[in-house]
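Okay, so here's the structure we're looking at.
The values are calculated or read from the model by the stated rules, or taken from the named source; none is laboratory data. Bear in mind the structure is a predicted one, so any value in this text is a computation, not a measurement. Reconstructed Cβ throughout: ideal geometry from the backbone, glycine too, with neighbour counts over all protein chains shown.
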Amino acid sequence: AVAVVFMCIQQAPWGGSIAMKLSVLRRSGLLEIWTQSISVDTPILGALQAMGLNAKFVPTLMMPNREECNLARCLRFITRQLLSTRLYNPQWLLIVAQVFTSTLAVVLTIVLLLIALSNGNIGTALGIAGGFASYILAIAVQLVLVEQVVRRVIRARGESTTPFSALMMAKTLVAIPLTQLVYAITVVSAILTQKVEWRGISYQIKGPWNIRLIEYQPYELSRQPIDANISL
């Protein structure tokens, strides 16, 4: 949900749900850009802005992701997304600053809470805990509001949505501070990454427009049954 808001603010297009006039595609030089970049969608905005155009966010084009993903795959996915952002998004340094500032604030809050408890300063500890809880709840409320809007769009198309539950909300509250840590870890990983693998293809990253294919394994259907809900 947070990514949807960020992409809307940054006018960041997503290749899985985007429309462009053929004349714009040809004039933008994207066909040539795509032969040199590792990402299809991330360079689009820059190419459009060079023509004096912008991307337009259309809420009705949002698509629900019904796949599941374990933590290891999630970390790899987020790192790949942030790698593309590092290479092609002019706001990358601002994103890094925001991530580390918010992560540092969360870490310092927890450290100060532990120090207050160890020193027996119950009043101070309660104040810190209350502020931290308010922060978590504020983010949770924002997530719920965005989620409700997205679900409304999806239901208007006749698609079903999973109803909110107490368990889902509890998981969300626990996940919020952990997500902040995961975000910081994946940003560091994206900064350090010089090689990325995606669907059997390995690329060496030497720069935004200096991408070298170093290994290619043709896709083969597995003989093992595949759960359709598991993300590739």
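Can you find even one residue in the range 117-135 that is under 22 Å from the mean Cα position of the chain (by Cα) and either part of a helix (DSSP H, G or I) or farther than 17 Å from A105 by Cα (or both)? So far as the range 117-135 goes, yes, one or more of its residues are under 22 Å from the mean Cα position of the chain (by Cα) and either part of a helix (DSSP H, G or I) or farther than 17 Å from A105 by Cα (or both). Residue under question is L53, and the condition is that it be of a type in the set (A, V, I, L, M), over 25 Å from V188 (Cβ atoms), modelled with pLDDT of 90 or more and outside any helix (DSSP H, G or I); does it hold? Yes, satisfied. Which one is farthest from L181 (Cα to Cα), of the residues in the range 56-94 that are in contact with a Gly (Cβ under 9 Å, 6 or more places away or on another chain) and assigned to a loop (DSSP other than H, G, I, E, B)? Per the criteria, the residue is M63.
Number of residues in the range 17-35 that are assigned to a loop (DSSP other than H, G, I, E, B) and not β-branched (V, I, T) equals 5. When every residue of the range 198-205 is checked against the conditions, none turns out to be surrounded by fewer than 14 Cβ atoms within 10 Å (Cβ to Cβ), assigned to a helix (DSSP H, G or I) and not aromatic (F, W, Y). Looking across the range 36-47, not a single residue is more than 18 Å from W92 (Cβ to Cβ) and part of a helix (DSSP H, G or I).
Yes/no per residue for (1) surrounded by 11 or more Cβ atoms within 10 Å (Cβ to Cβ); (2) closer than 20 Å to N65 by Cα:
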site	(1), (2)
L117	yes, no
G123	no, no
Y135	yes, no
I139	yes, no
V146	yes, yes
V149	yes, yes
R157	no, yes
